[in-house]
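Trainee: To start, I am sharing the structure in question, which I have written as structure tokens.
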Amino acid sequence: MVHEILLLVLVTLVASGVGTLTGFGTSTIMVPLLLLFFPLSQTLLFVGIIHWFGDVWKMILFRGGVRWRLIFLFGGGGVVDSYFGAALVPAISSAALARWIGGFLLVYVVWLVWNRSWQLPNNARTALFGGAVSGFLAGIFGIGGAVRAAALVAFNLPKSVYLFTNGAIAFVIDSTRLTAYTLGGERLSALLLWALLFCIPASL
């Protein structure tokens, strides 16, 4: 058990560092890796908890960058779609959902490679759409930060504002999907519960 926990702490440390520097990436790194060893439902719940604490750290460390209008625009659709996406997880077979996650990641990587300069327009529709899509993807796949980051980039925010806003939006979405996972009966194994004691500080 000790070796498994140490590995999870290392993955959390690296993923959280990447996630803070880029504004997304914690779940993108952790979900595929943990799926190699743990069931999908437990992976989504465990990574969701780590991601939730990462949101809290961003809001505390970059609290000078709050922009309430963006948070409300992104969070409004994100909350509803996040719950809807998370509620679908128990109803879909793990094998099918794992294939969908793999397909989503493949399309996502190809899109980034071929559309590096692509940017959404700077308006309220971008915020609403970005929040709704990222919320749904976070709920069902555990990975929605890339869409949220792409939408936030359109607003040309200073670094501290970008990181706080991203963290605040993700906090609302993650709180919703974690609630949905829990109400759906998802629980962590003893190993993952013990790992949380060390991975949460590592995420800070």
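The values are calculated or read from the model by the stated rules, or taken from the named source; none is laboratory data. Model, not experiment: these values are computed from the prediction. With ideal geometry, Cβ positions are generated from the backbone for all residues, glycine too; neighbour counts draw on all protein chains shown. Note: accessible area is taken over every heavy atom of the protein model, side chains too, but ligands, DNA and RNA are not part of it. Shrake-Rupley method; radii C 1.70, N 1.55, O 1.52, S 1.80 Å.
Trainee: Which whole-angstrom value gives the distance between the alpha carbon centres of the range 18-48 and the range 145-204?
Mentor: Comparing the Cα centres of the range 18-48 and the range 145-204, I get a distance of 10 Å.
Trainee: Could you give the DSSP H helices of the chain that reach 15 angstrom or more along their long axis (alpha carbon positions) and whose average Kyte-Doolittle hydropathy is no lower than 1.0? All intermediate terms of the calculation are to be shown ahead of the outcome.
Mentor: Details: long enough: 2-22 (30 Å, 1.89); 40-61 (31 Å, 1.20); 68-88 (29 Å, 1.11); 94-114 (30 Å, 1.65); 124-141 (25 Å, 1.35); 159-183 (36 Å, 0.68); 190-203 (20 Å, 2.21).
What comes out of the filter, once short or polar helices are dropped, is 2-22, 40-61, 68-88, 94-114, 124-141, 190-203.
Trainee: Starting from the Cα of T179, step 7 Å along the direction of its Cβ; do the same at R63; then give the gap between the two resulting points in nm.
Mentor: Placing both labels 7 Å beyond Cα along the Cβ direction yields 2.3 nm.
Trainee: Can you classify the range 66-187 as rounded, prolate or oblate using the Cα gyration tensor, where a ≥ b ≥ c are the square roots of its eigenvalues, rounded means a/c under 1.5, and otherwise it's prolate if a/b beats b/c and oblate if not? Numbers along the way, then the final one.
Mentor: Working: a/c = 2.43, a/b = 1.33, b/c = 1.82.
Cα axes put the range 66-187 in the oblate bin.
Trainee: How many Å² of accessible area per residue for the range 8-163, probe 1.4 Å? Mind showing how you got there, number by number?
Mentor: Details: 7610 Å² over 156 residues.
Heavy-atom SASA per residue in the range 8-163 reads 49 Å².
Trainee: Rounded to the nearest 0.05, what FRET efficiency do A190 and V110 have when you use their Cβ-Cβ distance and R0 = 35 Å? Working shown, then result.
Mentor: Details: r = 39 Å, r/R0 = 1.11.
FRET efficiency, A190 to V110: 0.35.
Trainee: Okay, moving on. Quantify, in whole percent, the carbon and sulfur part of the accessible surface of the range 132-204 (1.4 Å probe; protein heavy atoms only).
Mentor: Ligands and nucleic acids excluded, carbon and sulfur give 73 percent.
Trainee: I'd like to compare 51-62, 168-179, 135-146, 152-163: which one has the highest average count of other Cβ atoms within 10 Å, and what's the full order after that? Provide the component values of the computation, followed by the final result.
Mentor: Details: 51-62: 20.1, 168-179: 24.2, 135-146: 26.7, 152-163: 16.9.
Peptide ranking by packing, descending: 135-146, 168-179, 51-62, 152-163.
Trainee: For the range 123-204, what does the alpha-carbon gyration tensor say about shape, rounded, prolate or oblate, given a ≥ b ≥ c as the root eigenvalues, a/c under 1.5 as rounded, and a/b over b/c as prolate? Please list the in-between numbers first.
Mentor: Values: a/c = 3.23, a/b = 1.64, b/c = 1.97.
Oblate, because a/c is 1.5 or more while a/b does not exceed b/c.
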